[in-house]
Structure formats: structure tokens, C-alpha cells
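One structure below.
The values are calculated or read from the model by the stated rules, or taken from the named source; none is laboratory data. If you're wondering where the values come from, they're calculated on a predicted model, not measured in any experiment. Cβ sites come from the backbone with ideal geometry, for glycine too, and all protein chains shown count toward neighbours. Ligands, DNA and RNA are stripped out before the accessible areas are found, and what is left, the full protein with its side chains, is counted by its heavy atoms. Shrake-Rupley method; radii C 1.70, N 1.55, O 1.52, S 1.80 Å.
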Amino acid sequence: MHQSIWGWSLPLLFLLILGTPAISSRVLELSDRFIDVRHEGQWLVMFYAPWCGYCKKTEPIFALVAQALHATNVRVGRLDCTKYPAAAREFKVRGYPTIMFIKGNMEFIYNGDRSKDELVDYALRMSGPPVQLVTRTDSVDMLKGSHTIFFMFVGPQQGVVWDTYYAAAEGYQEHGFFYATSEEIAAQHFDFEKLPAVIVYKEEQHHFYPHGHVAHEMDPNDVNETIFQWVNVERFTLFPKVTRFNIHQLLKTKKFLVLAVVQEDKLSQIATHELEFRDMVEGVIRKHRPRYHDKFQFGWIGDPSIAHSIILDQLPTPHLIALNSTTQHHYIPDDDPLQMTPQALHLFLESISNESATAYGGDTYFVRVNRALFELKRSLREMWRGNPVLMTVIFGLPLGFLSLIIYSIFCGDCLVTEEEHEEDHEKKE
């Protein structure tokens with residue numbers, strides 16, 4: 001064990017240097033001194049401001065994350081940017097909260113969902129190498145039990161497929177788990193005929209990179225492009241929950257994004273009729289995955305405001321929308337969602353595929369301006385609901401100063417006119 005000349009342990013020294021854990025939390029309160037010790041170990045840090053409503057919502061989640069990571073080599077801390085602006089400048093913090101994984105000189109901004117499980121998985125991925133080796137057969141069973149989705153390379157760790165797989169793992173480490181194992185271990189869990197093989201395991205099924213066994217006959221550039229594309233589209237489950245944090249990653253698949261829109265309450269509960277609609281959509285696409293997988297990425301939304309931002313209008317729930325991730329056009333079925341059948345859903349998807357469906361929106365200058373205005377109004381409404389006092393100060397003070405300026409301009413002229421009139425009256429007397 002490393003000790004200082006006083007005999008204290010290294011973790012205790014860090015507590016003394018950086019601060020103390022928040023009350024009933026394992027989250028370290030960091031200061032400007034963190035700039036000097038950032039290279040010591042690996043860190044998951046939330047940069048926040050005390051007045052930020054989103055930061056307050058994230059605090060209890062971050063405390064759970066710190067608890068879950070307590071036995072790992074990842075330290076969890078938070079830094080008040082209003083109290084330590086030098087640290088905020090050092091890490092180029094542009095908004096609150098900013099969650100960042102820091103190891104050595106490298107900084108990675110977290111852009112995923114602010115949930116305990118997502119943050120813990122992110123920290124564990126980033127704390128290890130891009131590709132982790134699996135050397136025991138029971139470890140594969142453990143991975144299947146702990147991960148909803150992961151990638152696995154099988155075969156000798158050499159050649160163009162391995163090199164490209166490793167490069168893809170480096171590029172997508174923030175978004176997925178990547179492993180490698182031998183033929184002997186993999187053969188006990190997966191069915192494959194030739195090596196090398198690249199496998200994605202998700203939702204208790206596994207699928208193969210289609211060109212692995214013939215990659216040696218392909219141009220290296222084609223192998224590189226196809227593996228990156230395959231990893232990019234396969235890193236999502238078949239029917240994920242779509243949020244404002246992950247929708248931009250889903251759009252990178254360059255597929256049609258088909259979304260079942262329902263309304264979740266504060267307890268994440270969904271009305272029965274809306275749940276039945278969502279389950280109907282999920283059932284259809286799970287049954288017909290081979291039919292739609294190449295062109296469509298499916299998902300569901302529990303926050304209808306995300307759908308409102310897509311169509312720039314209010315949308316009743318439940319409903320179904322599809323978004324072209326390349327052109328930004330969206331599609332809405334003519335059928336009443338509550339009366340929609342699996343056959344009607346098939347017809348809707350087919351009309352999108354053959355381009356006979358009516359397309360709305362797009363990415364024109366006019367649409368972009370409308371979307372910016374729509375998002376501005378939405379943001380202001382959310383800020384008002386989250387902190388009406390702060391909004392009153394932000395908008396009230398400028399309006400108050402503007403009123404004083406206008407008053408001084410117009411009423412000042414009135415006073416001058418009255419004074420001049422009185423002087424003229426005195427002269428006449």
C-alpha cells in the first residue's frame with residue numbers, strides 16, 4: 001500500500017486535497033486543486049451550478065452512480081463551476097450539467113441518458129481498454145447476464161478484420177462493450193462456421209458481421225467501411241426507449257427512425273391503451289426483424305415533447321411517426337392509432353420504403369428557422385416550470401432597465417418642456 005510520510009493512505013490524501021464527500025454520498029466535492037491531480041487515476045465528474053434545475057435533478061442519480069462505482073478504480077466527483085471558474089475554463093465547460101470522464105490527458109463528454117445504469121456502464125467501458133479479452137468460458141455467460149448488448153471478436157487477433165474491429169471499438173467505446181475471445185471458448189456459446197467472426201449479442205440473440213469469413217478477399221478500405229457501418233447500426237437494441245440524449249445517436253444509423261409515441265407519467269407509468277399500442281408495434285417488428293432491419297430502426301418515446309420537436313406541432317398520444325434520418329422528413333400514418341392493426345402498420349412501413357408516403361418537414365432554411373423558434377419556446381417553458389424565480393430575474397431585470405430607459409427618454413422631454421414653459425411664463429410676468 002502506498003503511504004505518505006505521515007502514514008496516511010492515498011485515498012485519504014485525495015479526500016484532504018480535493019474535498020470531502022457530500023453528505024450521505026460518495027460523490028467527492030472537488031475544487032480548483034483538481035486541475036493538479038486530474039492525472040491521478042480515472043474520474044467521472046459532474047460540472048454543475050447550484051442554480052441549475054437540471055443539475056439538481058441529476059444529483060441523486062449521480063450519488064447512486066458513485067455508490068455503484070465505489071469498489072472500482074473510477075472516482076466520482078462534482079465541481080461547482082460558479083465557485084471554481086478556473087476549473088470550468090480548464091475543462092471547457094459550456095453548459096450545466098456537463099458530465100465528463102477524465103483519464104490522464106484525455107477528456108470524454110458524456111452525452112447519454114442521465115440514468116444510473118447508463119452512467120455506470122459508461123464509466124466501466126471508458127475505464128478499461130477498447131477491447132477486453134475473455135479467457136474463461138463462464139465469463140461469456142456472465143456477459144450475457146449483465147449486458148443487454150455487446151460485440152465479440154472470435155479468432156486470431158491479427159489481420160485486417162481484427163485491426164478494423166479494434167479501431168471500431170476505439171471509436172465506439174463510449175457507446176458499447178467490445179470483447180475478444182478464442183475459437184474454443186466462443187464455440188461453446190455461439191454457432192459459427194468460419195473465422196474470423198465478429199458477433200453482436202443483443203436481447204438473447206446473436207448476429208454476425210456478414211463479411212467476416214471473406215474479408216481477406218476484400219479491399220481493406222471496404223472491410224474498414226463495412227465493419228464501422230455494421231457496428232454503428234447494430235449497437236442499438238431492436239426497440240429502445242428514445243430520449244433527447246440518444247436520439248442523435250440513433251439518427252446516425254442513416255435509417256428511417258420509426259417511433260411509437262406514448263405518455264409516461266412521473267412514475268414512468270403508461271396508460272393501458274397506450275401500452276397496448278406500443279406493445280403491438282414492438283410485437284410486429286420483433287416478429288418481422290429480417291424484413292425491416294436493413295432500412296428501419298424502431299423505438300418508443302415516453303416524452304411526447306420529443307415528437308413535437310420533430311413535427312413542430314402538438315401530437316396526441318398514442319401515435320406513430322417515422323423520421324428520415326438523412327433528409328429530416330417525417331411521416332405520419334392516416335390511420336387512427338387506437339384502431340391501427342399490424343396489417344396497417346405493414347402498409348405504412350411499405351409506403352415509406354417505396355416512397356409513396358406523404359413526406360412532411362425536411363431540412364430547408366424555412367423549416368430550420370421554425371424548428372429553432374419552436375425549440376426556443378419549448379426551452380423557455382421548461383425553464384419557467386423548473387425555476388420561475390430565476391426566469392423572472394433573467395427577463396424581469398432587462399425589461400425593468402428598458403422601461404427606465406424609455407421612461408427617461410420620453411418623460412425627460414416632458415419635464416424639459418414643462419420647465420421651459422414655466423420660464424417663459426415668469427419672463428412674461
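So what is the relative contact order of segment 28-126, in percent, for Cα pairs below 8 Å that sit 6 or more residues apart? Provide the component values of the computation, followed by the final result.
Values: 144 pairs, mean separation 39.5, N = 99.
Dividing the mean separation by the residue count of segment 28-126 yields 40 percent.
What are the extents of the Cα atoms of segment 247-312 along their three principal axes, in Å, largest first?
Cα extents, longest axis first: 34, 27, 18 Å.
Need the full-extension length gain, F108 to Y365, defined as separation in residues times 0.36 nm minus the C-alpha distance. One decimal, nm. Walk me through the numbers before you get to the answer.
Values: separation 257, 0.36 × 257 = 92.52 nm, distance 3.23 nm.
Taking 0.36 nm per residue and subtracting the Cα distance, the gain is 89.3 nm.
Please list Y365, Y96, Y110 in order of solvent-accessible area, largest first, computed with a 1.4 Å probe with all protein chains present. The partial results should precede the final answer.
Values: Y365 175, Y96 80, Y110 25 Å².
So, going from the largest accessible area down, we get Y365, Y96, Y110.
Output the relative contact order of segment 129-235, whole-number percent, from Cα pairs under 8 angstrom with separation of 6+ residues. Mind dumping the intermediate values first?
Details: 144 pairs, mean separation 37.8, N = 107.
Contact order relative to length: 35 percent.
Given a Förster distance of 30 angstrom, what is the FRET efficiency for A372 paired with K241, based on the Cβ-Cβ distance and rounded to 0.05?
Values: r = 26 Å, r/R0 = 0.88.
Efficiency computed from Cβ-Cβ geometry: 0.70.
To check my understanding: the extent here is largest minus smallest coordinate of the Cα atoms along each principal axis. What are those three numbers for segment 101-217, in Å, largest first?
40, 29, 23
Taking a quarter of the surface of the convex hull around the Cα atoms of segment 28-126, what do you get in nm²? Walk me through the numbers before you get to the answer.
Details: hull surface 22.2 nm².
Mean shadow area of the hull around the Cα atoms is 5.6 nm².
Want the number for H346 to H207: 0.36 nm per residue separation, take away the alpha-carbon distance, what's left? Kindly include the intermediate steps, with their values, before the conclusion.
Working: separation 139, 0.36 × 139 = 50.04 nm, distance 2.40 nm.
Extending this stretch completely gives an extra 47.6 nm.
Determine by what factor the alpha-carbon radius of gyration of segment 173-275 differs from 2.2 N^0.38 Å, reporting the quotient. Working shown, then result.
On the way: Rg = 17.8 Å, N = 103, 2.2 N^0.38 = 12.8 Å.
My calculation over the Cα atoms of segment 173-275 gives 1.39.
FRET efficiency for R33 and K56, Cβ-Cβ distance as r, R0 = 22 Å, nearest 0.05?
Working: r = 25 Å, r/R0 = 1.13.
For R33 and K56, the calculated efficiency is 0.30.
Please report the net charge: other residues with Cβ closer than 10 Å to the Cβ of I185, K and R +1, D and E -1. Intermediate values should be presented prior to the final figure.
On the way: positive: R136; negative: D138, E183, E184.
Counting the neighbours of I185, the net charge comes to -2.
Treat each spin label as a single point 7 Å out from the Cα along the C-beta direction, and report the K295 to L275 distance in nm.
3.3 nm
At R0 = 41 Å, how high is the FRET efficiency between E355 and S115 if r is their beta carbon distance? Nearest 0.05 is fine.
Numbers: r = 37 Å, r/R0 = 0.91.
Rounded to the nearest 0.05, the efficiency is 0.65.
If I compute solvent accessible area with a 1.4 Å probe over the protein chains, what percent of it on segment 28-126 is carbon and sulfur?
Working: 2370 of 4700 Å².
Its accessible area is 50 percent carbon and sulfur atoms.
Considering only Cα-Cα distances, which of the following residue pairs are longer than 27 Å: K56/K255; K103/K295; K202/K252; K103/K255; K116/K287; K266/K295?
Details: K56/K255 36 Å; K103/K295 38 Å; K202/K252 19 Å; K103/K255 34 Å; K116/K287 31 Å; K266/K295 34 Å.
Those over the limit are K56/K255; K103/K295; K103/K255; K116/K287; K266/K295.
Where the centroid of each part is defined by its Cα atoms, how far is segment 133-153 from segment 58-127 in Å?
That distance is 26 Å.
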